[in-house]
Amino acid sequence: MSHSDLPRLEPAGIDGWMVRLFGTIEENNLLWLTALTHDCEAAFGEALVDLVPSYTTLLVIFDPLQISPWQARERLVDILARLVPDDIGGEGELHKLATWYNSSVGPDLERVAELSDMTVDAIIDTHSYQEYRVFALGFSPGFAFMGLLDDSLICPRLETPRPKVPAGSVAIAGQQTAAYPAVTPGGWNLIGRTAARLFDRNRDGFSLLKVGDRVRFVAVDQHTFESEGGDPTPITPAREETRS
Amino acid sequence: MRASTTGFRVTRAGPLALLQDAGRFGVRHLGVTQGGPADLHAWGWANRLAGNGWGTPVLEITFGGLQLQAECDLTIAVTGADLSGRLEDQPLPLWRRIKIGKGERVVFGTPAKGLRAYLAVAGGFSAEPVLGSVACVVREQLGGFDGQGRRLTDGDQLNIEIPSPNMPDTIEVEAPEQERPDYTAPAILDLLPGAQVADFTGRSLFDAFNAEWRVDDRADRMGVRLTGPPLHCRIPSLVSEGISLGAVQVPPDGQPIALLNDRQTIGGYPRLGNLTPLAASRLAQCKPGQSVRLRPAGAERALREHRQFIRQVATAINDRTSARNRST
């Protein structure tokens, strides 16, 4: 697939177009993607069903009873011709996620330290120092893919995913970091746990994090973690879980 | 808000019975999946025959095993798979509107033809929407009668909306013959080629549209894996991006997976394209081991057929948009 002809509209069924804006993952992609999202909301109105932004693309799903794929395409061509990126100053909301970095809730801290040839403290400092951007939501409701990690923290996924990762688990894999909103299987390296409620059906907007938002993980001690509602139950060793 | 009452008691839940409206829309950007009926076609007809508007909640019964007892006199319609259902000691009529009396039992057995049956009750099943929909997604713990994504359980009391007493006389009593698929026949699935189709090798493209594919037993509401000649794509994976209904993705092992209603919202495997909504419906009725073929289709015909289907079953077409609820 060449990237010389971007942006490009790719068919995605009778009710969708994939708008491919970029060929590689860059933080600045977000400024264009959020602008494109807003423009689509305005241009499609009631005919819009869903918009799924991700690192380099926006999937646009429309109601095929109201408009045809060809009409939808025309609107998208129009939007793209006039698209201007959001201001750098207008970048996403900043969230500070209170995180307890500890091997009892982050059982891969030591493995990551070993792989990175760093101390556990240095891993924590490096992970919590930086501000991350939310590039995409997916995998499960409210699961935000964030990046990009400092090169020193890059490590592969687990060879065997855990069948049950506790809610709030803060994890890293490749160039990305995330926090698990609910108990799900997961193959990322767990390095701590946040007290933040990441997905709440009673909250306006449901998900704490949205594409384009900024996130800082703030290292806190167990006491603060618990006082903010965090669950300190240690993770069950993987061996125990696979037996059950 | 209309009045509701208990319509059925679940005397045995069976393996997988789920409440499904048209699906959960306007929330895909939050990582929340679509849900809704795996077989849109049979689901749409169930509501039509029961006199309900598009989007009314229906029971999706997979594999059978469900046993229900009517708690009041009811009008129902059961469509989709033949799950060896019985109404008291008679075979349960499919694809038609029937009346059942208080205390009568509807009992589903094992799949004879197809996998998923749809039971609509006049007025519709009643549940509190979560994120704009009652579609039950077990994995996400969203929707269903309890709002927490729980499948039906023994002893459940199922609430229904009390229907208006007059069935519009424009609504047929049974579905026309040509609308009742033979789910045991080899399925031909229309596929709209996608952007990466040119990145598959020529041999693989030939195989994709000429080979006989077998439905694997790794098949559920998230997706259906097909086995056959391995397909090779020149790009092994993409940066993760949104996935629409019916997308046929090809992971590195070359065995395609058609993604259905409960699919993850983003993913990074190259895709052959998208099954049409009606083809995805048809695939959802295929048992493991059954053979299917993929047929390249044009968007124009696919759109025409889709609109034709909706026009046929949507009692009031505006019901559909009202079932949607954008969260933004």
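The values are calculated or read from the model by the stated rules, or taken from the named source; none is laboratory data. Because the structure is predicted, anything quoted here is derived from the model rather than measured. Heads up, the Cβs are rebuilt from the backbone with ideal geometry, glycines too, and the neighbour counts pull from every protein chain shown. Just the protein is used for accessible areas: all its heavy atoms, side chains included, with ligands, DNA and RNA removed. Shrake-Rupley method; radii C 1.70, N 1.55, O 1.52, S 1.80 Å.
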request  = Please list, in chain and number order, the residues 5+ apart from residue B:81 or on another chain whose amide H is under 5 Å from its amide H, with Hs placed from the backbone.
outcome  = B:115, B:116, B:117, B:118
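If Lys and Arg each add +1 and Asp and Glu each add -1, what is the summed charge of the other residues whose beta carbon sits under 15 Å from the beta carbon of residue B:10?
Details: positive: B:9, B:12, B:105, B:150, B:151; negative: B:60, B:71, B:104, B:146, B:154, B:156.
Overall, the nearby charge balance is -1.
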key: Spin-label proximity, residue A:26 to segment A:71-86 - amide N less than 20 Å from point 7 Å beyond Cα toward beta carbon   = A:80-86
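Might you tell me the accessible area per residue for chain A, computed with a 1.4 Å probe and given in Å²?
That works out to 44 Å² per residue.
Quote the relative contact order of segment A:8-82 in percent (integer), defining contacts as alpha-carbon pairs under 8 Å separated by 6+ residues.
Details: 102 pairs, mean separation 26.6, N = 75.
It rounds to 36 percent for segment A:8-82.
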request  = Quick one: which residues, 5+ away or cross-chain, put their amide H under 5 Å from the amide H of residue B:247? H built at 1.01 Å from N.
outcome  = B:259, B:275
remark   = Dividing the surface of the Cα convex hull of segment B:187-297 by four yields a projected area in nm² of 5.7 nm²
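Using a 1.4 angstrom probe on heavy atoms only, work out the carbon and sulfur share of the accessible area of segment A:94-243 in %.
Numbers: 3190 of 6650 Å².
Carbon and sulfur together cover 48 percent of it.
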inquiry  = Which residue, A:209, A:130, B:20, has the largest displacement toward the positive end of the dipole of the protein assembly as shown when charges sit on each Cβ (Lys, Arg +1; Asp, Glu -1)?
reply    = B:20
key: Between helix A:120-129 and chain A: long-axis angle, C-alpha atoms, 0 to 90°, nearest 10   = 30 degrees
task = Report the net charge of residues surrounding residue B:64, where surrounding means a beta-carbon distance below 13 angstrom and charges are Lys +1, Arg +1, Asp -1, Glu -1.
result = +3
message = Rounded to the nearest percent, how much of the accessible area of chain B (1.4 Å probe, protein heavy atoms only) is carbon and sulfur?
response = 49 percent
Summed buried accessible area for B+A [probe radius 1.4 Å, Å², rounded to 100] = 3700 Å²
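Show me the trypsin sites (Lys or Arg not before Pro) within segment B:177-224 that DSSP assigns to loop and that have at most 12 other Cβ atoms within 10 Å of their Cβ.
Qualifying residues, ordered by number: none.
Which shape class, rounded, prolate or oblate, goes with segment A:8-82 when its Cα gyration tensor gives a ≥ b ≥ c as root eigenvalues, a/c under 1.5 marks rounded, and past that a/b bigger than b/c marks prolate? It would help to have the intermediate numbers written out before the result.
Working: a/c = 1.93, a/b = 1.68, b/c = 1.15.
Prolate, since a/c reaches 1.5 and a/b exceeds b/c.
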request  = Sort out for me the Cα centre separation of segment A:184-202 from segment B:215-254, rounded to whole Å.
outcome  = 27 Å
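Run lengths n ≥ 4 of DSSP H only: what is the helix-derived mean residue ellipticity at 222 nm for the protein assembly as shown, with -39500 (n - 2.57) per run over all residues, to the nearest 500? Could the numbers behind the result be given before it?
Numbers: 11 runs with 106 residues, N = 572.
Dividing the helical sum by the residues of the protein assembly as shown leaves -5500 deg cm²/dmol.
Please give the per residue accessible area of chain B, computed with a probe of 1.4 Å over protein heavy atoms only, in Å².
Numbers: 12460 Å² over 328 residues.
Normalised by residue count, the accessible surface of chain B is 38 Å².
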inquiry  = With θ taken as phi - 60° and the coefficients 6.51, -1.76 and 1.60, list the Karplus ³J(HN,Hα) couplings across segment A:12-27 in order, rounded to whole Hz; mark glycine and proline as x.
reply    = 9, x, 6, 10, x, 10, 9, 8, 9, 9, 9, x, 9, 7, 9, 4
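For peptide A:14-23, compute the average count of partner chain beta-carbon atoms within 10 Å of each residue's beta-carbon. Display every interim value, and only then the final one.
Numbers: counts 18, 9, 8, 1, 7, 2, 4, 0, 1, 1.
What the average comes to for A:14-23 is 5.
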request  = Compute the long axis of helix B:299-313 from its Cα atoms, compare it with the longest principal axis of the Cα atoms of chain B, and write down the angle in degrees, 0 to 90, nearest 10.
outcome  = 10 degrees
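Please give the peptides B:63-69, B:120-126 ranked by average Cβ packing (other Cβ atoms within 10 Å per residue), highest first, as a rough proxy for protection.
Numbers: B:63-69: 21.3, B:120-126: 24.7.
In decreasing order of mean packing, B:63-69, B:120-126 become B:120-126, B:63-69.
Under unit Cβ charges (Lys, Arg +1; Asp, Glu -1), what dipole magnitude, rounded to 20 debye, does segment A:94-243 have relative to its Cα centre? Before the final figure, lay out each step's value.
Numbers: 15 positive and 19 negative charges, 131 e Å.
Dipole size: approximately 620 debye.
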ask   = Each residue of segment A:75-81 in turn: what ³J(HN,Hα) in whole Hz from Karplus with 6.51, -1.76, 1.60 and θ = phi - 60°, glycine and Pro shown as x?
value = 4, 5, 4, 4, 4, 5, 5
request  = Give the shape of chain B as rounded, prolate or oblate, defined through the alpha-carbon gyration tensor: a ≥ b ≥ c are the square roots of its eigenvalues, a/c under 1.5 means rounded, and otherwise the shape is prolate if a/b is larger than b/c and oblate if not.
outcome  = prolate
request  = Determine the share of segment A:8-82's accessible area contributed by carbon and sulfur atoms, expressed in whole percent, with a 1.4 angstrom probe.
outcome  = 50 percent
remark   = Which residues qualify? For residue A:176, with a placed amide H closer than 5 Å and at least 5 residues away or on another chain, they are A:149
ask   = Angle, helix B:40-49 long axis vs. longest principal axis of chain B, Cα atoms, 0 to 90°, nearest 10?
value = 20 degrees
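Distances longer than 18 Å among the Cα atoms of segment A:169-222: what percent of all pairs is that? Each step should come with its number before you reach the end.
Numbers: 542 of 1431 pairs.
That tail contains 38 percent of the Cα-Cα pairs.
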request  = Determine, from the Cβ-Cβ distance of residue B:102 and residue B:220 and an R0 of 41 Å, the FRET efficiency 1/(1 + (r/R0)^6), rounded to the nearest 0.05.
outcome  = 0.70
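How many percent of Cα pairs in the protein assembly as shown exceed 44 Å?
Details: 31692 of 163306 pairs.
Result: 19 percent of Cα pairs exceed 44 Å.
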request  = Sort segment A:124-244 into rounded, prolate or oblate with this rule: let a ≥ b ≥ c be the square roots of the eigenvalues of the Cα gyration tensor; rounded if a/c is under 1.5, and if a/c is not under 1.5, prolate when a/b is larger than b/c, oblate otherwise.
outcome  = rounded
